[in-house]
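The values are calculated or read from the model by the stated rules, or taken from the named source; none is laboratory data. None of the values given here were measured: they were computed from a predicted structure. Glycine gets a Cβ as well: all are built from the backbone with ideal geometry, and neighbour counts include every protein chain shown.
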């Protein structure tokens, strides 16, 4: 969100106004001031504010009058202050959707806390809404490349193989390819992992009446249902090997035969397939036949996960939120804190997970600002591997350097030349650091599991 948070102070106490404005500006707020109800109304008409600090006793009326002119369910939050509290004013304040009711003199720490909370919860402006192209949202260069590939391959007859993690929108891309292809037939989708193995052949190729127990009528399979159109086979690696052989033959001959049938049926079907595992891994494990892959992947595509295009996170979240607002006639928006949370998360479930978290936050929101709650796993630091190291925020720099040195030495099997090259330092620096660490450890009388390797190491 561009710009600083904006504060309107409505008070005729010059000393208080000056002190409050100085604190707010130090926290990054843009501050505007009004000394009366009339001035405040003029300020509210001319600009929008994230927070309004309003004194109840003003020269030309009560600060409560201003609340009628502030959209308290929208962007502006309000704090009422007074130097002359009464039971009546306190009761009125309790019935209003305000942030707080504060009695002067206001404690500086409390005021800072209110400002910091307001800054975190300020509304994130969604910006101009843009309709996704065939449902494919995101304006990042990566997604611009995906849209360009779709537009190029769609009018051709090439079979398309889409690789991407679960939840990235593989079916949306397949449907976009069909929509741009100009084919007159329908778009038909099948998740190969969602159909029992003994039914998958019948689902694809159909069957004749009496061909097996329970086959009481002829069934037209998905190949024939997609005649003249596009057949999308998701999770193609979940298809049994024996059925992959039949699929390969159908693609090569453009003919299928129903179970129990005696005649081949010509099919004019464009195949788009997808997998959430790297194709090389699927082939190596035997899940996907290599010859079938090369027949399916006349035009391979990769859909990037959401974590590789962080600039798309907020636009897509705001798109989902806009749809909810339109459906339920509301005006809810992401808070600043909510937006920051979304951008820090790694999104293992990609766009599907983002949609679910936005919807849940929308349902649970008590006002017009929503702050999504992330899974507990997102709050834990990622686990370390042999080639990675994790630090918590606030770790002292000296400790980071020490652990980084020992971790890199371990990774390169205590080879100090390679470690120095990796860290961009000299081997002399490594020996000096290790000697210092050893001296500090002995001076403190500590034991350590880390091998300092301070002795000479010929050739390394």
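Observations
- Applying the set (1) in contact with a strand residue (DSSP E or B) (Cβ under 7 Å, 6 or more places away or on another chain); (2) under 19 Å from residue 132 (Cβ atoms); (3) in a helix (DSSP H, G or I) to residue 203 leaves exactly one unmet item: (2).
- Residue within the range 249-263 that is under 23 Å from residue 173 (Cα atoms) and either out of contact with any helix residue (DSSP H, G or I) (no Cβ under 7 Å at 6 or more places or on another chain) or assigned to a strand (DSSP E or B) (or both) present: no
- Which numbered condition residue 232 fails, given (1) part of a helix (DSSP H, G or I); (2) in contact with a helix residue (DSSP H, G or I) (Cβ under 9 Å, 6 or more places away or on another chain); (3) buried (at least 22 other Cβ atoms within 10 Å of the Cβ): (1)
- Residues being in contact with a helix residue (DSSP H, G or I) (Cβ under 6 Å, 6 or more places away or on another chain) and more than 20 Å from residue 191 (Cβ to Cβ) - total across the range 235-247: 0
- Residue in the range 30-43 that is within 17 Å of residue 116 (Cβ to Cβ) and touching a residue at least 40 places away in the same chain (Cβ under 8 Å) present: no
- The listed residues are 361, 410, 322, 339, and the only one of them that is assigned to a helix (DSSP H, G or I), touching a strand residue (DSSP E or B) at 6+ places or on another chain (Cβ under 6 Å) and at pLDDT 80 or above turns out to be 361.
- Looking only at residues in the range 37-66 that are farther than 19 Å from residue 102 by Cα and assigned to a loop (DSSP other than H, G, I, E, B), the one that is modelled with the lowest pLDDT is 48.
- Reported count of residues in the range 235-246, each being farther than 17 Å from residue 171 by Cα, assigned to a helix (DSSP H, G or I) and within 36 Å of the chain's Cα centre (by Cα), is 2.
- Considering residues of the range 288-323 that are surrounded by fewer than 18 Cβ atoms within 10 Å (Cβ to Cβ) and farther than 23 Å from residue 149 by Cβ only, the residue farthest from the chain's Cα centre (by Cα): 291
- Tally of residues being at pLDDT below 85 and either buried (at least 17 other Cβ atoms within 10 Å of the Cβ) or under 15 Å from residue 438 (Cα atoms) (or both) across the range 393-407: 2
- Of all residues making up the range 166-181, the number that are surrounded by fewer than 23 Cβ atoms within 10 Å (Cβ to Cβ) and part of a loop (DSSP other than H, G, I, E, B): 2
- Just one residue in the set 148, 139 is under 26 Å from the mean Cα position of the chain (by Cα) and free of Cβ contacts under 8 Å to residues at least 40 places away in the same chain; that residue is 148.
- Criterion violated by residue 15 - all others in (1) touching a strand residue (DSSP E or B) at 6+ places or on another chain (Cβ under 9 Å); (2) in a helix (DSSP H, G or I) satisfied: (1)
- Test: residue 228 is out of contact with any strand residue (DSSP E or B) (no Cβ under 7 Å at 6 or more places or on another chain), over 23 Å from residue 293 (Cβ atoms) and in contact (Cβ under 8 Å) with a residue 60 or more places away in the chain: no
- Flag for residue 214 being at pLDDT 90 or above, out of contact with any helix residue (DSSP H, G or I) (no Cβ under 8 Å at 6 or more places or on another chain) and surrounded by fewer than 17 Cβ atoms within 10 Å (Cβ to Cβ): no
- When restricted to residues that are in contact (Cβ under 8 Å) with a residue 12 or more places away in the chain and farther than 13 Å from residue 136 by Cα, the range 318-339 contains 14.
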